[in-house]
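In what follows, a structure is listed as structure tokens, so that the remarks can point back to it.
The values are calculated or read from the model by the stated rules, or taken from the named source; none is laboratory data. Since the model is a prediction, treat every value here as computed from it, not as a measurement. When we count neighbours, we look across all protein chains shown, and the Cβ atoms used for this are built from the backbone with ideal geometry, even at glycine. Please note that ligands, DNA and RNA were not included when accessible areas were found on the heavy atoms of the full protein model with its side chains. Shrake-Rupley method; radii C 1.70, N 1.55, O 1.52, S 1.80 Å.
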Amino acid sequence: MANDVKPTRKNLMQIEDRIELSEQGHDTLEQKRDGLIMEFMDILDQAQDVRSDVEADYERAQRTINMARAMEGDVAVRGAAAALKEYPEITTESKNIMGVVVPQIESSKVRKSLDERGYGVLGTSGRIDEAAEAYEDLLDQIILAAEVETAMKKMLTEIETTKRRVNALEFKLLPELRENQEYIEQKLEEQEREETFRLKKIKAKKEQEEKEEREAAAAEDAAEAETVTADD
């Protein structure tokens, strides 16, 4: 509240400094918010593409596994899946986007050659190979989708946080500071007017006293002159 601020020049200077810093911070946060939104839109476009790719790869994987089951039977398909010896490995690192730390997921051993899949090539048909390849493609897309979706959520959270800070400065802190500044300036102007009026009164009173003293002195001199004349 403005009424809680003491109307002193020191407080006025401090508030003016806070206003300047807050305005700079507001501008910086606005630039950050706008930059984050632009980055978010790029990631959103990427996420939409990745989602479409995941859906397409999932449908392809389902078609190929159903075909393999129909042609080879569930036992053969399950046997081929169980023969896998090296499982995919995932490592996570981080990267910085406009001050936001987002994950960067690296995968290895997802795509395999025929001999790396573990099942005997002679004992299976190309249908199982197609299904294995389709699911490897799907897993690659799922890993990419996890990276993009997580980055998108983190960016969105940071955008909301930055927007709240911008709004807090724009609609709360800065208006309060400007209100306090205006209040102090008005009070200081009132004090200055009162001081000027008081000084004028003091000056007028002093001039009046000096005038009265001069008149009294003049009257006294005149009286003395009359007394001297009468004696002569």
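In the set Lys211, Lys187, Lys200, only one residue is at pLDDT 85 or above, out of contact with any strand residue (DSSP E or B) (no Cβ under 8 Å at 6 or more places or on another chain), open to solvent by 90 Å² or more (accessible area, probe 1.4 Å) and not β-branched (Val, Ile, Thr); that residue is Lys200.
Every residue, every condition in (1) at pLDDT below 80; (2) part of a helix (DSSP H, G or I), yes or no:
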{"site": "Asp42", "(1), (2)": "no, yes"}
{"site": "Asp45", "(1), (2)": "no, yes"}
{"site": "Val50", "(1), (2)": "no, yes"}
{"site": "Val54", "(1), (2)": "no, yes"}
{"site": "Ala68", "(1), (2)": "no, yes"}
{"site": "Met71", "(1), (2)": "no, yes"}
{"site": "Lys85", "(1), (2)": "yes, no"}
{"site": "Asn96", "(1), (2)": "no, no"}
{"site": "Pro103", "(1), (2)": "no, no"}
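Right, Lys6: modelled with pLDDT under 85 and among the charged types (D, E, K, R) or not? No: the conditions fail for Lys6.
Of all residues in segment 4-21, none that is open to solvent by 90 Å² or more (accessible area, probe 1.4 Å) has its Cβ atom under 8 Å from the Cβ atom of a residue that is part of a helix (DSSP H, G or I) and among the charged types (D, E, K, R), 6 or more apart or on another chain. Would you mind stating whether Met98 is of a type outside the set (Asp, Glu) and open to solvent by less than 60 Å² (accessible area, probe 1.4 Å)? Here the answer is no, as Met98 does not meet what is asked. Considering only segment 147-163, I want to know if a residue exists there that is under 30 Å from Glu59 (Cβ atoms), at pLDDT 90 or above, surrounded by 17 or more Cβ atoms within 10 Å (Cβ to Cβ) and β-branched (Val, Ile, Thr). Scanning segment 147-163, I find at least one residue that is under 30 Å from Glu59 (Cβ atoms), at pLDDT 90 or above, surrounded by 17 or more Cβ atoms within 10 Å (Cβ to Cβ) and β-branched (Val, Ile, Thr), so the answer is yes.
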